[in-house]
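Please read the structure below before turning to the comments.
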Amino acid sequence: MILPVPPSPIQLLDLAAEHALLQPALNEAMQEVLESAAFIQGPAVGQFAAELGEYLGGTHVAPCANGTDALTLALMSLNLPDGAEVIVPAFTYVATLEAAALLGLRPVLADVHPDTFNLAPAAVESAITPRTGAIIAVHLFGQCADLEALRTISTQHGIPLIEDNAQAIGATFRFSSGEIVFAGAVGDVGTTSFFPSKNLGCLGDGGALLTRDSDRAALLHQLANHGQSRKYHHQRIGLNSRLDTLQAALLRVKLRQLPANTAARQAVAARYDAALATVPGLTIPARDPRSSHVFHQYTIRLADASRRDDLQGHLRRLGVPTMIYYPLPVHAQPAYAYLGHQAGQFPVAERLCGAVLSLPIHPLLTREQQEYITAGVQSFQALE
Ligand SMILES: *Cc1c(COP(=O)(O)O)cnc(C)c1O
């Protein structure tokens with residue numbers, strides 16, 4: 001059989017092409033930092049923080065070195081006792097647990113909702129004990145977790161809520177009160193990552209903390225910079241976790257592009273929805289009507305998990321790359337075996353790991369490429 005070839009090489013993400021469009025502005029930003037030689041805590045860091053805060057509806061932004069440090073710093077700002085429990089989703093990137101574990105806190109998993117992939121509020125409620133010190137919600141793949149229910153649980157039990165917003169920068173959530181809030185600005189602390197492949201990525205590692213509380217913002221700034229209130233005056237044990245001036249300068253350029261990029265991702269997602277909604281045997285991403293979705297990933301689920309790897313292979317042979325986020329649930333990772341969880345304990349997370357597949361989605365994916373991808377998915381289903 002002669003395989004068709006894609007209209008132009010398809011990538012999961014095309015950062016080189018995205019950056020080529022911004023090349024003059026990126027070069028200028030780099031040149032400026034080079035000439036200023038203010039590589040640590042240069043002016044671009046504060047400027048970027050202010051601009052991102054404004055974009056996120058007037059949130060305080062404390063930049064740091066990466067999204068995992070942001071989670072660590074968020075937890076440090078809560079002053080939890082040793083061994084306190086931190087409730088995290090059973091279906092997430094491992095960094096969410098790692099930060100808690102490294103601080104001597106105990107990650108406690110809660111299963112997720114099968115349709116939205118996000119933390120199930122009922123599972124959070126049943127995971128609460130007198131030792132619970134924090135709840136970390138992850139806005140997986142670009143859509144907010146059930147912030148209405150999670151905020152209520154947080155308030156009722158007096159347990160701080162952290163939002164891991166590495167994948168949903170710019171998403172908003174509408175509460176039943178009518179209030180609309182940006183993801184990351186609802187809980188006590190929000191965190192995000194500027195890892196290159198995130199919706200707002202830099203050209204290396206970067207991250208930030210978000211909060212609407214100015215005292216907490218000051219504390220987070222301090223913790224991220226050796227716990228110092230001013231140079232050589234250390235109030236707390238902190239981290240060396242700063243966003244490089246160079247990355248901040250590049251992020252200022254990329255932030256200007258974020259609204260257009262988000263709209264482009266949403267348009268790609270809408271076209272996938274239209275083409276794939278009626279394909280038997282697969283489910284398109286569920287939309288929570290209260291949340292906008294910034295489509296960090298476009299993740300389909302197969303009804304028959306045993307066919308997932310075959311679909312991935314079929315698409316690979318057609319020149320269509322796909323990814324499995326995430327192939328193994330966190331409780332099945334050897335590093336977290338000490339938590340003592342058994343297979344079958346988080347059935348939704350386990351099922352999702354076997355059944356999900358993320359299709360290429362990025363702002364420069366062309367209609368032609370997308371039609372080729374959806375035809376590829378449809379031709380696999382026709383093989384049944
Ligand atoms: C990427 C990511 C992180 C970690 O961010 P880094 O900047 O790579 O440390 C944390 N949580 C989630 C959900 C992520 O997707």
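The values are calculated or read from the model by the stated rules, or taken from the named source; none is laboratory data. Treat the numbers as computed from the prediction; the structure is a model and nothing was measured. Because the Cβ atoms are built from the backbone with ideal geometry, glycine has one as well, and the counts that use them run over all protein chains shown.
Please enumerate the residues belonging to region 174-193 that are in a strand (DSSP E or B), within 15 Å of the chain's Cα centre (by Cα) and not aliphatic (A, V, I, L, M).
Of everything in region 174-193, those that are in a strand (DSSP E or B), within 15 Å of the chain's Cα centre (by Cα) and not aliphatic (A, V, I, L, M) turn out to be Phe182, Gly190, Thr191, Thr192, Ser193.
In region 292-309, which residues are assigned to a loop (DSSP other than H, G, I, E, B) and within 16 Å of the ligand (Cβ to nearest atom)?
Answer for region 292-309, where residues must be assigned to a loop (DSSP other than H, G, I, E, B) and within 16 Å of the ligand (Cβ to nearest atom): Val294, Phe295, His296, Gln297.
Please state which one of Leu147, Leu161 is within 16 Å of the ligand (Cβ to nearest atom), of a type outside the set (Asp, Glu), farther than 19 Å from Ala208 by Cα and at pLDDT 95 or above.
Every option except Leu147 fails the conditions.
Report, by residue number, each residue of region 199-214 that is of a type in the set (A, V, I, L, M), under 14 Å from Leu71 (Cβ atoms) and within 13 Å of the ligand (Cβ to nearest atom).
Ala208, Leu209
Looking at this structure, is Pro130 part of a loop (DSSP other than H, G, I, E, B) and without any contact (Cβ under 8 Å) to a residue 12 or more places away in the chain?
Taking the combined requirement at face value, the residue satisfies it.
On the given criteria, is Ile180 within 30 Å of Ala149 (Cβ to Cβ), without any contact (Cβ under 8 Å) to a residue 24 or more places away in the chain and in the same structural domain as His157 (by TED's automatic domain parsing)?
yes
Out of (1) within 26 Å of Gly57 (Cα to Cα); (2) assigned to a helix (DSSP H, G or I), what's the single condition that is false for Pro289?
Result: Pro289 fails condition (2) only.
For region 76-98, give me the residue count where each residue is of a type in the set (Asp, Glu) and closer than 23 Å to Ala62 by Cα.
Residues meeting the conditions: 1.
Return the only residue of Ser154, Ser126 being in contact with a Pro (Cβ under 8 Å, 6 or more places away or on another chain), more than 16 Å from the ligand (Cβ to nearest atom) and among the hydroxyl-bearing types (Ser, Thr, Tyr).
Ser154
Any idea how many residues of region 259-288 are under 21 Å from Arg174 (Cβ atoms) and touching a residue at least 60 places away in the same chain (Cβ under 8 Å)?
Number of matching residues: 8.
Which condition number in (1) in a loop (DSSP other than H, G, I, E, B); (2) of a type outside the set (Gly, Ala, Ser); (3) without any contact (Cβ under 8 Å) to a residue 60 or more places away in the chain; (4) within 12 Å of the ligand (Cβ to nearest atom) is the one that Pro196 fails?
Just one mismatch for Pro196, condition (3).
Arg174 - would you say it is touching a residue at least 60 places away in the same chain (Cβ under 8 Å) and either more than 16 Å from the ligand (Cβ to nearest atom) or within 17 Å of Val86 (Cα to Cα) (or both)?
In short, yes.
If Phe141 passes every condition in (1) under 30 Å from Leu246 (Cα atoms); (2) touching a helix residue (DSSP H, G or I) at 6+ places or on another chain (Cβ under 8 Å); (3) among the hydrophobic types (A, V, I, L, M, F, W, C); (4) assigned to a helix (DSSP H, G or I) but one, which one does it miss?
The single condition Phe141 does not satisfy is (2).
Exactly one condition in (1) outside any loop (DSSP other than H, G, I, E, B); (2) modelled with pLDDT under 95; (3) not β-branched (Val, Ile, Thr) is not met by Ala275; state its number.
Result: Ala275 passes all but (2).
Going by the conditions given, is Gly313 free of Cβ contacts under 8 Å to residues at least 60 places away in the same chain and on the phi > 0 side of the Ramachandran plot?
Against the criterion (free of Cβ contacts under 8 Å to residues at least 60 places away in the same chain and on the phi > 0 side of the Ramachandran plot), Gly313 does not qualify.
Give the residues of region 19-37 that are touching a helix residue (DSSP H, G or I) at 6+ places or on another chain (Cβ under 7 Å) and either more than 19 Å from Phe194 (Cβ to Cβ) or not aliphatic (A, V, I, L, M) (or both), sorted by residue number.
Those that are touching a helix residue (DSSP H, G or I) at 6+ places or on another chain (Cβ under 7 Å) and either more than 19 Å from Phe194 (Cβ to Cβ) or not aliphatic (A, V, I, L, M) (or both): His19, Glu32.
Report yes if some residue within region 243-255 is more than 16 Å from the ligand (Cβ to nearest atom), under 30 Å from Leu147 (Cβ atoms) and either at pLDDT 95 or above or in a helix (DSSP H, G or I) (or both); otherwise report no.
yes
Going by the conditions given, is Ser229 within 22 Å of Asp69 (Cβ to Cβ) and modelled with pLDDT of 95 or more?
Here the answer is no, as Ser229 does not meet what is asked.
Filter region 130-150 down to the residues that are among the aliphatic types (A, V, I, L, M) and within 12 Å of the chain's Cα centre (by Cα), then identify the one that is surrounded by the most Cβ atoms within 10 Å (Cβ to Cβ).
The selected residue is Ala145.
Here are some conditions: (1) assigned to a loop (DSSP other than H, G, I, E, B); (2) in the same structural domain as Tyr372 (by TED's automatic domain parsing). Gln312 meets all but one. Which one does it not meet?
With respect to (1) assigned to a loop (DSSP other than H, G, I, E, B); (2) in the same structural domain as Tyr372 (by TED's automatic domain parsing), Gln312 is out only on (1).
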